[in-house]
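Undergrad: The structure's right below; bear with me while I get my questions together.
The values are calculated or read from the model by the stated rules, or taken from the named source; none is laboratory data. No experiment lies behind these values; they were computed from the predicted model shown. When we count neighbours, we look across all protein chains shown, and the Cβ atoms used for this are built from the backbone with ideal geometry, even at glycine.
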Amino acid sequence: MSTAFQNQACQMNLELGRIRIPVSLLQVFDSLSILLLIPVFDLLVYPYFKKIDRPLSSLFRIGLGFAFAALSMIAATVVEIYRKKYSPADVLYINATQNDLDSVSACQSIDNYNPYYFQLWAASPQQYEQPSQCQQVCDTTTEQNGILYIALQCIDCKPLPLISSLSVFAQIPQFVLIGISEILSSVTSLDFFYSQSPLELRSIVQSLNLATTALGSWAVIPLVLIVNASKTSPWITTNLDDGKLENYFVLLAILMLSNNIFFIYISKNYKYNTFPDEQSPDDALVTKT
């Protein structure tokens, strides 16, 4: 959500009237969905299923949350397909109009695609940073004011990463689905690991539960290395129009669904624990009697 979703937003239309909103603003819809929907689940959804004698167990809720996480990736896949569909044709900096320059990805520096800036860097590398998206392809030089510059025809720069005409607000469904997933999985898991652990182990078990979030973030690193292993056809690129981000989202959905199948398998025979310290006064009275 904080990496791939944000990268996707970088090359989407960020205009809201006359305002250009920050790329990370859409993450607020994840928080809003959680704040608004937790009461709905607690007051309406869960009581309804309990009323019809089909209560949603903790493990069922967690598995359902995994399913919503996979749905979020599918929604992101659809958005990425349409983002590319409404993306402009490739434009080199040297041929770009002012409108093109104003439409460069909010997360990229135009200088990295600028052959003139590359000339300056090659002539004075101590004063300028090397443009990461340009390279020298021959040794022809030209002299200006006594300084030798690489000829423009010897500089090869990649096309500008232009934004799509698709509004960034198309991402709202995928953030809402993530929010629902967190309500069902993350919130429920806090209660599950607390209530199902012996008193002396609750801190450790909760730490292990929260550690899975860190493991998930870490897993992004090898996963990105794998999908970008092909130098000729990487999935996640600086200019998303040259990559296959939609394939990455599909892969995440498949991994999430596979994880859910395994989760269902290991949890189907789970026996819920009830520890004495969790008994209500009435329960304790009945037990004593």
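Undergrad: One residue is enough: does region 252-268 have a residue meeting the conditions under 23 Å from Leu160 (Cα atoms), at pLDDT 95 or above and of a type outside the set (Ser, Thr, Tyr)?
TA: As a first pass, look at region 252-268 and keep what is under 23 Å from Leu160 (Cα atoms): none.
Checked region 252-268: no residue is under 23 Å from Leu160 (Cα atoms), at pLDDT 95 or above and of a type outside the set (Ser, Thr, Tyr).
Undergrad: Let me ask something else. Examine region 216-236 for a residue that is under 14 Å from the mean Cα position of the chain (by Cα), loosely packed, with under 13 Cβ neighbours inside 10 Å and polar (S, T, N, Q), and state whether such a residue exists.
TA: Taking region 216-236 and keeping what is under 14 Å from the mean Cα position of the chain (by Cα), we get 216-221, 223-224, 236.
Filter once more, so that each one left must be loosely packed, with under 13 Cβ neighbours inside 10 Å: 216-219, 221.
Okay, now just the ones that are also polar (S, T, N, Q), so 217.
Checking region 216-236: at least one residue is under 14 Å from the mean Cα position of the chain (by Cα), loosely packed, with under 13 Cβ neighbours inside 10 Å and polar (S, T, N, Q).
Undergrad: Go through Thr232, Thr237 for me and flag whichever is in contact with a Gly (Cβ under 9 Å, 6 or more places away or on another chain), in the same structural domain as Gln11 (by TED's automatic domain parsing) and of a type in the set (Ser, Thr, Tyr).
TA: Values: Thr232 fails: in contact with a Gly (Cβ under 9 Å, 6 or more places away or on another chain).
None of the other options fit; the residue is Thr237.
Undergrad: If we scan region 146-163, do we find a residue that is surrounded by fewer than 16 Cβ atoms within 10 Å (Cβ to Cβ), over 22 Å from Thr237 (Cα atoms), in contact (Cβ under 8 Å) with a residue 12 or more places away in the chain and of a type in the set (Phe, Trp, Tyr)?
TA: So the first thing to find is which residues in region 146-163 are surrounded by fewer than 16 Cβ atoms within 10 Å (Cβ to Cβ), and the list is 146-148, 151-153, 156.
Filter once more, so that each one left must be over 22 Å from Thr237 (Cα atoms): 146-148, 151-153.
Now drop any that are not in contact (Cβ under 8 Å) with a residue 12 or more places away in the chain, which leaves 147-148, 151-153.
Subset that is of a type in the set (Phe, Trp, Tyr): none.
So far as region 146-163 goes, no, none of its residues is surrounded by fewer than 16 Cβ atoms within 10 Å (Cβ to Cβ), over 22 Å from Thr237 (Cα atoms), in contact (Cβ under 8 Å) with a residue 12 or more places away in the chain and of a type in the set (Phe, Trp, Tyr).
Undergrad: Assess whether Ile81 counts as being in contact with a Gly (Cβ under 6 Å, 6 or more places away or on another chain) and part of a helix (DSSP H, G or I).
TA: no
Undergrad: Checking the conditions here, which among Ile180, Ile204 is loosely packed, with under 13 Cβ neighbours inside 10 Å and either assigned by TED's automatic domain parsing to the domain that holds Thr77 or within 25 Å of the chain's Cα centre (by Cα) (or both)?
TA: Ile204
Rundown of residues vs (1) within 22 Å of Ile74 (Cβ to Cβ); (2) within 11 Å of the chain's Cα centre (by Cα); (3) modelled with pLDDT under 90; (4) loosely packed, with under 15 Cβ neighbours inside 10 Å, yes/no style:
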site: Gln8; (1), (2), (3), (4): yes, yes, no, no
site: Met12; (1), (2), (3), (4): yes, no, no, no
site: Glu15; (1), (2), (3), (4): no, no, no, yes
site: Ser24; (1), (2), (3), (4): no, yes, yes, yes
site: Asp30; (1), (2), (3), (4): yes, no, no, no
site: Ile34; (1), (2), (3), (4): yes, no, no, no
site: Leu37; (1), (2), (3), (4): yes, no, no, no
site: Val40; (1), (2), (3), (4): no, no, no, yes
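Undergrad: While we're looking at this one, here's another question. If Ser230 passes every condition in (1) over 20 Å from Leu14 (Cβ atoms); (2) assigned to a helix (DSSP H, G or I) but one, which one does it miss?
TA: Of the numbered conditions (1) over 20 Å from Leu14 (Cβ atoms); (2) assigned to a helix (DSSP H, G or I), the odd one out for Ser230 is (2).
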